[in-house]
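Reading through the structure tokens given below for one structure.
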């Protein structure tokens, strides 16, 4: 079991790193305005969009204009998704005649998909019509992911430019992200998923006719149905755009979303592909490949460490079961370990890889139930979110979050030696540190205050299905997911209530935009500065020492913030489990 599992983990990491390199170079060429293999096909479409929308892609924006444009555009999308849900009972492409979504659930879902969180408190196949899924949720999967990349490239320009007040054009960045990156990759992945058995249809749900009739020879008045829909196209962009919202209730554990081991591998690679590639893009944009590799190395080291702990915890299984006489070790008749809540087609190792990948990448899709993990196994996905999802993170937002930590790292190093900190030739001063502090502190504040409010009120406690430490973990996980725009859940919490729909929706909203806007503010500030020549006192930000410093800063800030809360949940639950 161990040899097979290690082989799968190594193969996954190697394939991810190899495929990310050419994609990263391709993305850099797209945003530098250089020709690519797809330019002859996409460039006319891009120019046509600019003409129809009367956009001048060469007209650049200040950081404030960029931020306002981005924010208003996202708010409009949020409102449209809300209206679609509330009116879907009267709209077409609703073959099951599904009713309108309640106000609180519609608010939560609209905010969720507009902010690239894709938290779902509802069951997709019994709540959302085909029109709502395609025109509302799937469109936002593209737009929210593209917004993340647009903000990232505006951030890049802050480091590559000097003595200027402009950082790019939001409309151009958004259009390029969709046309050159997400659409081509989504089309390829959709076709691959359909070839494996993922459903892609606008037909009504099908009635299930069992081969064996009931012993009473009577036909049930309510025959079971098989849910269908245009799922493959949504699955592709949900993974590539680190959205994560499932077409069906059980997400990527559903055979129509994730039919085979090959589709499982493709979806896993897709979750981290673009976020990994953007690290290489960063190196090419700043004309120093080592900078991107250093950031990627820090991410990969933390990812491997978290995956190792999660896998070992699940592979060792539940010690209580062993004390009761159950054989939880792997043998020719069983795979061993803690198989509760796992996808039996793919095994523990794939469930562990997916759990860590989806929570470190702001994706939120699942192919197993994290609520059924052992305490230490469940701790790792929770911690990955609580580290502000900068270990790969969402497309765009993960990397700009990690770069903010890099700014924090050089600031700390500067304090140690009494020198003004610099990063990529730009001095880091008080304004940048104030904005960086906001970016780092806002998610923990939202998570901890939200959790405290939920456990203090009957509205919050009444949704908990498990008592004690595990019930607390369910609440903490929910607010960690919403406060870091992830979208996954422990699944043991009934979050489709007015209290959780509104409170989690507010967390998702502020976590997305209160971080993106300060990032743009930093970009605008450093774009106005001159490049500082490298000197003997300049701290290298591409070597092993900086990688270690960056990892330390990320872990120390996460530990100082969340260890007390984790001690009340998964840590104490683990101690209770070991004492039985």
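The values are calculated or read from the model by the stated rules, or taken from the named source; none is laboratory data. For clarity, every value in this text was computed on a predicted model and none was experimentally measured. Cβ sites come from the backbone with ideal geometry, for glycine too, and all protein chains shown count toward neighbours.
All told, residue 460 meets the bar of being part of a helix (DSSP H, G or I) and at pLDDT below 95. When 42, 9, 55 are checked against the criterion of being touching a helix residue (DSSP H, G or I) at 6+ places or on another chain (Cβ under 7 Å), in a helix (DSSP H, G or I) and farther than 25 Å from residue 282 by Cα, a single residue qualifies: 9. Being touching a strand residue (DSSP E or B) at 6+ places or on another chain (Cβ under 9 Å) and part of a helix (DSSP H, G or I) is the filter; apply it to the stretch 166-212 and report the residue that is nearest to residue 41 (Cα to Cα). My answer is 190. Read through the list (1) part of a helix (DSSP H, G or I); (2) over 30 Å from residue 91 (Cα atoms); (3) at pLDDT below 95, then give the number of the only condition that residue 217 fails. Residue 217 satisfies every listed condition except (1). Collect the residues in the stretch 22-34 that are surrounded by 11 or more Cβ atoms within 10 Å (Cβ to Cβ) and more than 17 Å from residue 149 (Cα to Cα), keeping them in residue-number order. 22 - this is the single residue of the stretch 22-34 that is surrounded by 11 or more Cβ atoms within 10 Å (Cβ to Cβ) and more than 17 Å from residue 149 (Cα to Cα). Based on what the data block shows, is residue 555 farther than 26 Å from residue 63 by Cβ, in a helix (DSSP H, G or I) and out of contact with any helix residue (DSSP H, G or I) (no Cβ under 7 Å at 6 or more places or on another chain)? Taking the combined requirement at face value, the residue satisfies it. Looking across 549, 531, one residue alone is under 30 Å from residue 63 (Cα atoms), in a helix (DSSP H, G or I) and touching a residue at least 60 places away in the same chain (Cβ under 8 Å). It is 549.
For the stretch 357-378, a residue qualifies if it is within 19 Å of residue 482 (Cα to Cα) and surrounded by fewer than 24 Cβ atoms within 10 Å (Cβ to Cβ), and the qualifying residues are 369, 371.
Among the residues of this structure, residue 568 does not count as one that is free of Cβ contacts under 8 Å to residues at least 40 places away in the same chain and in a helix (DSSP H, G or I).
Residue 448 satisfies every condition listed in (1) closer than 26 Å to residue 565 by Cβ; (2) touching a helix residue (DSSP H, G or I) at 6+ places or on another chain (Cβ under 9 Å); (3) modelled with pLDDT under 95 except (3). I'd like to know if the stretch 427-441 contains one or more residues that are in a strand (DSSP E or B), under 18 Å from residue 282 (Cβ atoms), at pLDDT below 95 and over 24 Å from the mean Cα position of the chain (by Cα). No - not one qualifying residue is present in the stretch 427-441. Against the numbered list (1) modelled with pLDDT of 90 or more; (2) crowded, with 21+ Cβ neighbours inside 10 Å; (3) farther than 30 Å from residue 487 by Cβ, residue 421 comes up short only at (1).
Any residue at all in the stretch 112-120 that is assigned to a loop (DSSP other than H, G, I, E, B), under 20 Å from the mean Cα position of the chain (by Cα) and more than 17 Å from residue 396 (Cα to Cα)? Checked against the condition, which is being assigned to a loop (DSSP other than H, G, I, E, B), under 20 Å from the mean Cα position of the chain (by Cα) and more than 17 Å from residue 396 (Cα to Cα), the stretch 112-120 yields at least one hit. Sub-6 Å Cβ pairs linking a first residue in the stretch 410-426 that is closer than 15 Å to residue 527 by Cβ to a second residue that is assigned to a helix (DSSP H, G or I) and at pLDDT below 85, at least 6 apart or interchain, number zero. For the stretch 141-161, does any single residue satisfy the condition of being at pLDDT below 95, buried (at least 22 other Cβ atoms within 10 Å of the Cβ) and in a loop (DSSP other than H, G, I, E, B)? No, the stretch 141-161 contains no residue that is at pLDDT below 95, buried (at least 22 other Cβ atoms within 10 Å of the Cβ) and in a loop (DSSP other than H, G, I, E, B).
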